[in-house]
Every structure is written in C-alpha cells, then in structure tokens.
Amino acid sequence: MLSPTGLKQRSDFIQSLRLFFRQRDYLEVDTPIRLPVLIPESEILPCASGNWWLQTSPELCMKRLLAGGATRIFQICHCFRRQEQGRLHAPEFTMLEWYHVGWDYLDLMRECEQLVVELAFACSTLAGITDGRNILRDNREVRLTPPWQRLTVDEAFASYTDTTASAALAEDRFDEILVTEIEPHLGWDRPLFLYDYPAQLGSLARPKPDAPHLAERFELYCCGIELANGFSELVDADQQRLRFSEEIATMRKHGRAAAMPETFLRDLARLNDTAGIALGVDRLFMLFSGAFCLDDVLTFSTDELF
Amino acid sequence: MYSASDLRKGLKVQIDGEPYIITEFEFSKPGKGQALYRTKMRNMITGNQFTQTYRSNDKFEKPDLEERTMQYLYSQGDEFHFMDTSSYEQIFITREQLGDNINFLVDNMEVQVLFFGDKPIDISLPIFVNLTVTRADPWVKGDTSGTDTKPVTVETGYRLQVPPFVEEGDKIQIDTRTGDYMTRVKE
C-alpha cells in the first residue's frame, strides 16, 4: 500500500501524463472495461467477468472511436491479464494507450521520446531521475535526450545471439531468446526502440510496404525493461479478419474460448491510417521512482489485497 | 500435478524421478509474447543446481515428500540413527547427508526428518539448541587483538567463539542456522 508520499508522487506523475496529451490536443476517453468480446490474442489470458471479460487492453474500443471520427485520443485505464505476476508484472495494471490518425510508427517513436523527456523533467524530484533528464538504475545513468537508439529485430539477433530471428521463430524460441539474451542489453545508454518485428508477431500491425514479411511494430526499452508497444495499425479489415482467424484457431487448439470481434471489424473498414501505442504506466513510474519492482509502486500490490 | 504458473521460490517439484526445490524464480513475458518461467533449482538429494526456463503448458509431478518427527539415538561410524517417535521405527542417515547438522545433534534430540518416498534425505533441527561447553580456555585480557571473545568446544565437538565469561560446564544456546552463540543458559 502506498504511503501518502507515494500516493502524491503517483498522482503527480499521472497528472503530468494527462497534461502532455491535453497540450497536444488529444482527447481523453474512457471506454468500458467489461466487454462481451475481446481481441483474440493467443498469448494473453483474460479474466472472466460473468459471461463477459475484463479488458486486456482498451485497443478494441479506442479503435472503434477512431473509426467513428475521433482523430487523437488517449486513455489511462486498468487492464487485466490472468496469471501475470512477477517483478515486472501484475494481473491488474495501469495502461496508457494513445492513437493518432494520419501517423505511422516512426511518428509515434518521436512522440514517445518527447513524452518521457517532458515527464522526467516534470517529475525530476523522484529518486530514479537525475538532473531532470537521466534515469538512474543499478548505478548507471541512462540519458533521455533524443534521439534514442533504434535497432531492428534482425539487428538485435545479429548483435546479441548466435541465431537469427527467423530461425528462432521456426524453433518456437523467439520470445525465450528475446527475454534471456537480448532484452537485458537494451536501453542502457539511452532508451531504445526495437522495431520491425516478423509479421506473424504483429497481428494488429500493418505489414511494411517494401518488406511485407515485417510488421511496422516497435517496442520501447529502458534499462532492459519493456515499456511500450506501438504499431502502424493494420486498417485492412479483410487482412485483420484473416489474422484473427489464425489466432482463434490457436486459442481453440489450447481449449480456450474465442470469438471473432465482428463489430470491431465492421468499424475497422472505416478507419484511415493510424498509429497507436500502449505504455505500461506502472513500469515507467517504477523506473522514475528508482523502485526495484512493480509491487513497490502500485497503490496496492496483489499480496496486499488479502 | 503442478503447472508452470504454480512455480515460485521454495516450491518442491519432481523431475525425472527426483525431488527439486526452486531456489530462484522469475516470471518473464514480452507484452504480446509467451509467458516464460525462469527457474533455478536444487536437487534435494544430490545438491546439484541447474537453471531452466519453462513454458505455460509444462507440467510437474508433486514429489512424495513427508516430514516426520524423530528422535536422535546414537551414531555408529558414519551412520546416525534416528527413531520415529510414534511408530518406533528406526532409520539411519549418513554423515555426508547430515553435513553441518552433526555439529548440533545430541542424544534424544527431536528433529524433523524429511523423507522422499521411504528414503530419508534431510533433517531440520530446532532453530536454537542448548549444548554443554566441554572445553574452555581461561580468557586473558589483551590476549586477543581487540575482540572480546574466546573459542570453546561443546559436547558435539563443535568449536565456536563466545564471550569471555563462559566457562567449562556452562550450557549455552546456539542458533543452528548460523552456528553462532546466542546466550548462556541458567539451569
């Protein structure tokens, strides 16, 4: 349970997030967190709520708002993912998600840089920040001054492993190698964008026009920790239906319920080029606070609920 | 059966017919990727350690482990004999398996013996034991360089540092986790 000081720091941090987006003409939205159908994602386990589900991310409803004519929206909300509990995971956590119609994933990387720089300046009294522009972790200073490092997934495998991304995928070892051999090195000089994922690892991301085997997807890393995941959104409803069918087939093979989000696909047909990103609010606040684990910065950790 | 999501530090699982205890554990998962359960384990019989990453659908047998209250009877060579206080069944455990625990074992002491199936593999001692000092040299002030302790030997042959006022024949309390002197016991 956070102390009054911790609560104040967390509140100030979230208010600074809001201010950043409001100053940039983003509209804050609040979409339902309890839904009859979710985006089919085979690696994310949702929590049931009656016959419905608690959201694993606000993506589905937010994209429908964009299809309905909204152009810049953001949301700070709680998301729920079953069986995710660890130093950097909590089954209920706070997500910041924002979308910008007309942009692609490169535009979002630049906005991400500005967001974290402005936020660090606004929260410069927190223990994990030095001079209002560096993150201090494990006695190392990570400079936030842009431009940050950019590394493709293929380059990362070449630099840190003795295999390739496609070979790792074929052996079903992509995530394991990413987590154990690559992630620990990422984002210690400056934060780092890992980008251009194999297309099959970005089921909601647009394929690269000149290299359709890659998806326009990136992940932001700082101090070896994954902070955010962004895409140029896939807005082709037919292609999206195909990708969802594959996910649903995998989920059913594992005995999980899954349904096609038909209303979402109907609305997606009206969506123009858009970029969107989800950022783990608790993780960024953890880095800013110089805290060891997520539980130290949550208002209540899971253990504290019993 | 345990599944990977049950894994945590301190959990005991059975792999290839042998019991293991998880000594380090970390849950990892790329946001959109697979859940990975990274563990370090110790074989509870051989003491060998290894690290392994498991996936969500990995399953583990529960090892057949049982703790029984037993009384230490006597030692013969490298065999230390114990008796089950309810069934009166007798077993022995080797010196090698007991390790440092033999420093604190005295006749009739009650301990918890851990069995894997019908095989004793470990014992846990009471946290504090009282042992009699069998040898203590007189302390000469200034003898030791600035440390106000002296070495003594207790009835099990174990040697440790104690304050200067402890004398031969005294009973002292020792913390079995650290092997350190706690206090002198008045009888």
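Every read-out reported here was derived from the displayed coordinates using simple, explicitly stated rules and does not represent laboratory data. Since the model is a prediction, treat every value here as computed from it, not as a measurement. When we count neighbours, we look across all protein chains shown, and the Cβ atoms used for this are built from the backbone with ideal geometry, even at glycine.
Computed quantities for the displayed model
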{"read-out": "Cα-derived Rg to Rh of region B:1-69, Kirkwood definition", "value": "1.01"}
{"read-out": "For A:83-91, mean number of other protein chain Cβ atoms within 10 Å", "value": "4"}
{"read-out": "Three-way shape label, region A:52-130, alpha-carbon gyration tensor, a/c 1.5", "value": "oblate"}
{"read-out": "Shielding by other protein chains, A:129-138, mean Cβ within 10 Å", "value": "0"}
{"read-out": "Chain A: relative contact order as a whole-number percent, Cα under 8 Å and 6+ apart", "value": "23 percent"}
{"read-out": "Added length on full extension, which subtracts the Cα-Cα distance from 0.36 nm per residue, residue A:12 to residue A:245", "value": "79.6 nm"}
{"read-out": "For region A:49-128: relative contact order, % (alpha-carbon pairs under 8 angstrom, 6 or more apart)", "value": "25 percent"}
{"read-out": "Where the Cα pairs of region B:66-137 fall when distances are cut into 10 Å bins, in %", "value": "19, 55, 21, 4, 1"}
{"read-out": "Length-normalised contact order of region A:243-304 in % [C-alpha pairs under 8 Å, at least 6 apart]", "value": "16 percent"}
{"read-out": "Average partner coverage of A:141-151, which counts Cβ from other chains inside 10 Å", "value": "0"}
{"read-out": "Proxy reagent accessibility, fewest Cβ within 10 Å first, across A:148, A:52", "value": "A:52, A:148"}
{"read-out": "Gaussian network model of chain A, springs between alpha carbon atoms under 10 Å - residue of A:23, A:83, A:55 with greatest fluctuation", "value": "A:23"}
{"read-out": "Most mobile listed residue (A:203, A:166, A:289) in chain A, GNM with C-alpha springs under 10 Å", "value": "A:166"}
{"read-out": "At 1.567 mPa s and 4 °C, Stokes diffusion of chain B via Kirkwood alpha-carbon radius, µm² per second", "value": "66 µm²/s"}
{"read-out": "Options A:99, B:34, B:108, ranked by Cα towards positive dipole end of the protein assembly as shown, top entry (Cβ charges)", "value": "A:99"}
{"read-out": "Choice from A:106, A:126, A:242 with maximal GNM fluctuation in chain A (Cα, 10 Å cutoff)", "value": "A:242"}
{"read-out": "Farthest positive-ward along the protein assembly as shown dipole, Cα basis, beta-carbon charges - from B:52, B:120, B:179", "value": "B:52"}
{"read-out": "Alpha-carbon radius of gyration plus Dmax, which is the widest Cα pair, for region B:78-187 in Å", "value": "16.5, 55"}
{"read-out": "Kyte-Doolittle mean at least -0.5, axial Cα span of 18 Å or more - DSSP H helices of chain A", "value": "A:105-122"}
{"read-out": "Kirkwood Rh, angstrom, region A:4-305 [1 / mean 1/r, Cα pairs]", "value": "19.9 Å"}
